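Please treat every number below as a calculation from the coordinates, not as lab data. The model shown is predicted, which means the values in this text are computed figures rather than measured ones. Cβ placement follows ideal geometry from the backbone for every residue including glycine, while neighbour counts extend to all protein chains displayed.
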Amino acid sequence: MKSKIGIIGSGNVGSALQKGISKAGYEVRISNEENVAEVAGGADIVILAVPFTAVDDVIKKLGNTVKGKILIDATNALTPDFQLAVGFTTSGAEELQKKAPQAKVVKAFNTVFAQNMESGKLNGKTLTAFAAGDDESAKKQVLELEKAIGFDAVDAGPLANSRQLEALGYFNIQLGYFLKNGTETGFIYAH
């Protein structure tokens, strides 16, 4: 039986993941600002798809609803002026794990532009989606979810490697928006 998925955040990322996960045959619910705890409470896996600046507020709303559950951090740890919010001695995902210590945090999906999250494909090519986490069972389930959507799912090691994934997500944003290459781009890890 497939896990029930709860997505916190109904913006571009949350909406795209909802479509892709639904097509993969999972039961999925997406939250608005009022029903965060309800959506998380009814899920086996919770995906955090909100702006990084909203994480603290969302964690308060989640309360104990993520206790013992997989909490996927799909955020990009950026400041409002599009700079990295944390350096290379920690990551947004590691800080999230400290704020939700009873959850099993896995960093995933942050290196992919939203419009490619629905299928894991771009111009007929399969994109790579990474997953980094300290709980091997949780990370395995996230890798399975990525594969089910259509990505080439790659184990990126421990949660500390989120430091590099967040920098890679930031680089993707720089390439797409600031260097004006557009968002019809993505990463493929040849292995």
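Against the numbered list (1) aliphatic (A, V, I, L, M); (2) touching a helix residue (DSSP H, G or I) at 6+ places or on another chain (Cβ under 7 Å); (3) closer than 24 Å to Glu166 by Cα; (4) not in a loop (DSSP other than H, G, I, E, B), Ala37 comes up short only at (3).
Tell me which residues, restricted to the stretch 67-97, are over 18 Å from Ala132 (Cα atoms) and either surrounded by 12 or more Cβ atoms within 10 Å (Cβ to Cβ) or not hydroxyl-bearing (Ser, Thr, Tyr) (or both). Please lay out each step first, then the result.
Let us first name the residues in the stretch 67-97 that are over 18 Å from Ala132 (Cα atoms), namely 67, 78-85.
Matches in the stretch 67-97: Lys67, Leu78, Pro80, Asp81, Phe82, Gln83, Leu84, Ala85.
Among the candidates Ala160, Ala148, Ala132, Ala138, which residue alone is over 18 Å from Ile21 (Cβ atoms) and outside any strand (DSSP E or B)? Please lay out each step first, then the result.
Values: Ala148 fails: over 18 Å from Ile21 (Cβ atoms); Ala132 fails: outside any strand (DSSP E or B); Ala138 fails: over 18 Å from Ile21 (Cβ atoms).
Just one listed residue meets the conditions, Ala160.
Just name the residue that is farthest from Gln141 (Cα to Cα) out of those in the stretch 53-79 that are of a type in the set (Asp, Glu) and touching a residue at least 12 places away in the same chain (Cβ under 8 Å).
Here the answer is Asp56.
Can you tell me which of Ser15, Ser10, Ser3, Ser22 is in contact with a helix residue (DSSP H, G or I) (Cβ under 9 Å, 6 or more places away or on another chain), part of a helix (DSSP H, G or I) and surrounded by fewer than 24 Cβ atoms within 10 Å (Cβ to Cβ)?
Values: Ser10 fails: part of a helix (DSSP H, G or I); Ser3 fails: part of a helix (DSSP H, G or I); Ser22 fails: in contact with a helix residue (DSSP H, G or I) (Cβ under 9 Å, 6 or more places away or on another chain).
Exactly one of Ser15, Ser10, Ser3, Ser22 is in contact with a helix residue (DSSP H, G or I) (Cβ under 9 Å, 6 or more places away or on another chain), part of a helix (DSSP H, G or I) and surrounded by fewer than 24 Cβ atoms within 10 Å (Cβ to Cβ), namely Ser15.
Tell me yes or no: at least one residue of the stretch 122-133 is surrounded by 17 or more Cβ atoms within 10 Å (Cβ to Cβ), closer than 28 Å to Gly25 by Cβ and not hydrophobic (A, V, I, L, M, F, W, C).
For the stretch 122-133, residues surrounded by 17 or more Cβ atoms within 10 Å (Cβ to Cβ), closer than 28 Å to Gly25 by Cβ and not hydrophobic (A, V, I, L, M, F, W, C): present.
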